[in-house]
Protein chains: 2
Amino acid sequence: MSKYQERTVNSERIFEGKVITLQVDEVELPNGNLSKREIVRHPGAVAVIAVTPEDKMVLVRQFRKPLEKTILEIPAGKLEKGEAPIDCAKRELIEETGYRATDMKHVSSFYTSPGFADELIHIYEATGLTAGEAKPDHDEFVDLVEVTWDEANGYIQSGDIIDAKTVFAVYYWKNQQLTKEG
Amino acid sequence: MSKYQERTVNSERIFEGKVITLQVDEVELPNGNLSKREIVRHPGAVAVIAVTPEDKMVLVRQFRKPLEKTILEIPAGKLEKGEAPIDCAKRELIEETGYRATDMKHVSSFYTSPGFADELIHIYEATGLTAGEAKPDHDEFVDLVEVTWDEANGYIQSGDIIDAKTVFAVYYWKNQQLTKEG
């Protein structure tokens, strides 16, 4: 499936940060024209769908500087260098919420924004949860929030849940429920 | 919900491109420490869930330079300056697929990657589709692909469908079907 491949003519590194790097590639289009692609490189991330034995989804409330607001998200974090996604999922769940899971199942992996970024996020479903003490990073400030499915939908309506992985998680949860009922 | 707000101490514009801009903000954390936030600004986007009268989802096959591969996505595009999301949804559906819709319903809006970007994508559901001629931009190369729900799931398994909005769309579609059956 590479009929429309864009050959790189030149690649310029613009910025190398703690989290992302930015490059601008000059490419040759299928019609021979030249164009530029602005590309953000990201180490990748994991996120965890975790529903407690009381049928509540585990979320974290967190300030997001790019949005200048505080939103509710499923627990998530960036992959460390060489870290397996499933290990990252277990680590982030404990660090951000204190919950430990007996099982961690891969649900889906998707690119968050394939037009300009290579960030790939791996979504896991954690089951067999037992509560414990959260261990956030030194400079990480998150609050644990547990919500019913109705509350989750209310937070989608209010815009408190408003990021791709968490909206996906709520729909995934609903699908699981509908499948059980059906 | 702004307990953990991060005050901007300094903001540096690193890059201003055709699509994105990059800035690095120095922020004061809730504990008084200073940290840096790498922030990508994006104009926002729309994407369209469109299922034909033959119960096939309308997708486009497109090369994505950040991934160096060709993937299948629901029709989508960036908001033009001052453009209403619903108008952008109608425009992108026609440009990329030729389909016109009698109805365009808002389904969800979400930030694709709130940790480092402010891209907000608005998802619409198009109904009452009639086929027509696609009108891609001069430098846009996409193929129309129509898939059944089983095919869509096969493409998720194979990794041809692997971006947030399209994986969400397939789950949304399934959700609709389960709700109808239930």
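The values are calculated or read from the model by the stated rules, or taken from the named source; none is laboratory data. Note that the structure is a prediction, hence the values are computed from the model and not measured. Here Cβ is always computed from backbone atoms with ideal geometry, including for glycine, and neighbour counts include all displayed protein chains.
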When only residues in the stretch B:168-182 that are at the interface with another protein chain (Cβ under 7 Å from one of its Cβ atoms) and among the polar types (S, T, N, Q) count, which is farthest from the chain's Cα centre (by Cα)? B:THR179
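Going by what's in this entry, would A:ARG37 be described as of a type outside the set (Asp, Glu) and farther than 20 Å from B:PRO114 by Cβ?
yes
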Report whether or not B:VAL46 is surrounded by fewer than 20 Cβ atoms within 10 Å (Cβ to Cβ), within 14 Å of chain A (Cβ to nearest Cβ) and either aliphatic (A, V, I, L, M) or not in a strand (DSSP E or B) (or both). no
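Going by what's in this entry, would B:LEU67 be described as assigned to a loop (DSSP other than H, G, I, E, B), at pLDDT 95 or above and within 12 Å of another protein chain (Cβ to nearest Cβ)? First the steps, then the outcome.
Values: assigned to a loop (DSSP other than H, G, I, E, B): yes; at pLDDT 95 or above: yes; within 12 Å of another protein chain (Cβ to nearest Cβ): yes.
Judged against the criteria, B:LEU67 is a match.
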Here is a list: B:PRO43, B:PRO136, B:PRO75. Which entry is at pLDDT below 95 and not aliphatic (A, V, I, L, M)? B:PRO136
What single numbered condition from (1) more than 7 Å from chain B (Cβ to nearest Cβ); (2) closer than 23 Å to B:ASP163 by Cα; (3) surrounded by 17 or more Cβ atoms within 10 Å (Cβ to Cβ) fails to hold for A:TYR99? (2)
In the stretch A:139-162, how many residues are more than 10 Å from every other protein chain (Cβ to nearest Cβ) and of a type in the set (Asp, Glu)? 3
So is B:ALA89 within 13 Å of the chain's Cα centre (by Cα) and small (Gly, Ala, Ser) or not? yes
Look at A:PRO66 and say whether it is free of Cβ contacts under 8 Å to residues at least 24 places away in the same chain and either surrounded by fewer than 20 Cβ atoms within 10 Å (Cβ to Cβ) or in contact with a strand residue (DSSP E or B) (Cβ under 9 Å, 6 or more places away or on another chain) (or both). yes
Going by the conditions given, is A:GLY32 assigned to a loop (DSSP other than H, G, I, E, B), more than 8 Å from chain B (Cβ to nearest Cβ) and small (Gly, Ala, Ser)? yes
What pairs can you find where one residue is in the stretch B:21-36 and over 17 Å from A:ILE20 (Cα atoms), the other is of a type in the set (Ser, Thr, Tyr) and assigned to a loop (DSSP other than H, G, I, E, B), and their Cβ atoms are less than 8 Å apart, with a gap of 6+ or different chains? B:PRO30/B:TYR4
Can you say whether B:VAL27 is within 9 Å of another protein chain (Cβ to nearest Cβ), crowded, with 16+ Cβ neighbours inside 10 Å and not polar (S, T, N, Q), as far as the supplied structure shows? yes
Tell me which residues, restricted to the stretch B:136-182, are free of Cβ contacts under 8 Å to residues at least 40 places away in the same chain, under 15 Å from A:TYR111 (Cα atoms) and crowded, with 17+ Cβ neighbours inside 10 Å. B:ILE156, B:VAL167
For the stretch A:70-84, name all the residues that are in a strand (DSSP E or B) and among the aliphatic types (A, V, I, L, M). A:ILE71, A:LEU72, A:ALA76
In the stretch A:114-135, anything in contact (Cβ under 8 Å) with a residue 60 or more places away in the chain and either among the charged types (D, E, K, R) or at the interface with another protein chain (Cβ under 10 Å from one of its Cβ atoms) (or both) is listed as A:PHE116, A:ALA117, A:ASP118, A:GLU119, A:LEU120, A:ILE121, A:ILE123, A:GLU125
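Please find, among A:VAL58, A:VAL107, the residue that is away from chain B (no Cβ under 14 Å) and in contact with a strand residue (DSSP E or B) (Cβ under 7 Å, 6 or more places away or on another chain).
Unique residue meeting the criteria: A:VAL58.
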